[in-house]
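J.: Sending over a structure as structure tokens; questions will come in a sec.
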Amino acid sequence: MSRIFTCMIVLTAATAAFALPASAKIVAEPKLAQYCGEEAASRLGVAAASLLLLPVEKTHGTFYVYGQTDETSPTLFSCTFDGKRSFLGIEIEGDHDHGTHADAGAPKAAMNKCLQIFGLPAKVETVSDFGNGFYEIILQSKANARKVACTVPADGSVIEDWVEMN
């Protein structure tokens, strides 16, 4: 009986070892962003080189990579890896039309520049027209507590000032 019991344990352990989900691939920390970019490119049907990726973030033992397609109306995405750097999945936000924020009071080009640099889905809290062709746009992340003040000219050519408010 003990031989049968031992065989059952060995078979159960072997089955469990091979039952890991495909997304449980462990990725070296320096390659997290690259892996995320490749996953996003594959799912979105674009070239990995055309994606904009933010640096890897680690929060409470979980790694995050945020990115977007390099288009006029970018698609936002984020990849999640556990503390052991196992790939947990990718979330694609869908098309995010920055033009929908144009009614917030700043020219579309200025709004797009701030939202592009912010890199996450965001809510426009306030827009202040400085009267000299510059606007201050306060953005609040939809995903976390991140909040920034972005000062930009009406043409969106450069970010004049960027203040993380948290």
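J.: Sticking with the crude label model, points 7 Å out along Cα→Cβ, report the distance from residue 48 to residue 73 in nm, one decimal please.
T.: Going by the 7 Å Cα→Cβ label model, 2.9 nm.
J.: Could I ask something else about it? For residue 93 and residue 146 in the same chain, what is the full-extension length gain: residue separation times 0.36 nm, less their Cα-Cα distance, in nm?
T.: Fully extending the segment from residue 93 to residue 146 adds 17.3 nm.
J.: Classify region 99-165: rounded, prolate or oblate, from the alpha-carbon gyration tensor (a ≥ b ≥ c, eigenvalue square roots; a/c under 1.5 rounded; otherwise prolate if a/b is larger than b/c)?
T.: prolate
J.: Could the peptides 121-127, 153-159, 135-141 be put in order, highest first, of the mean number of other beta-carbon atoms found within 10 Å of their residues?
T.: Values: 121-127: 16.3, 153-159: 14.0, 135-141: 20.4.
Top of the packing list down: 135-141, 121-127, 153-159.
J.: Give me the distance in nm between label points sitting 7 Å out from Cα along the Cα-to-Cβ direction at residue 125 and residue 59, one decimal.
T.: Computed distance between label sites residue 125 and residue 59 equals 1.6 nm.
J.: Can you send over the solvent-accessible area of residue 113, 1.4 Å probe, protein chains only, in Å² to the nearest 10?
T.: 50
J.: Moving on to the next point. Output ³J(HN,Hα) for region 120-127: one whole-Hz value per residue in order, computed from phi by the Karplus curve 6.51 cos²θ - 1.76 cosθ + 1.60 with θ = phi - 60°, and x for Gly and Pro.
T.: My calculation for region 120-127 gives 10, x, 9, 9, 7, 7, 8, 10 Hz in order.
J.: Taking 23 Å as the cut-off for C-alpha to C-alpha distance, list the pairs among 58/113; 31/142; 31/58; 58/147; 84/147 that go past it.
T.: Correct reply: 58/113; 31/142; 84/147.
J.: Is the shape of region 25-96 best called rounded, prolate or oblate, per the rule: a/c under 1.5 gives rounded, else a/b larger than b/c gives prolate, else oblate, with a ≥ b ≥ c the square roots of the Cα gyration tensor eigenvalues?
T.: Since a/c reaches 1.5 and a/b is larger than b/c, the shape of region 25-96 is classed as prolate.
J.: Could you give each residue of region 55-62 its phi-based ³J(HN,Hα) in whole Hz, using Karplus coefficients 6.51, -1.76, 1.60 with θ = phi - 60°, and x for Gly or Pro?
T.: x, 5, 10, 10, 10, 6, x, 10
J.: Counting only other residues whose beta carbon sits under 9 Å from that of residue 139, what net charge do I get with K and R as +1, D and E as -1?
T.: Values: positive: 123, 146, 147; negative: 125.
Every neighbour counted, the sum reads +2.
J.: In region 35-87, what trypsin sites (Lys or Arg not before Pro) fall in a loop by DSSP, with at most 11 other Cβ atoms inside 10 Å?
T.: Values: sites: 43, 58, 84, 85; in loops: 84, 85.
Passing both the DSSP loop test and the Cβ count: 84.
The values are calculated or read from the model by the stated rules, or taken from the named source; none is laboratory data. Not measured: the values here are computed from a predicted model. Cβ sites come from the backbone with ideal geometry, for glycine too, and all protein chains shown count toward neighbours. Ligands, DNA and RNA are stripped out before the accessible areas are found, and what is left, the full protein with its side chains, is counted by its heavy atoms. Shrake-Rupley method; radii C 1.70, N 1.55, O 1.52, S 1.80 Å.
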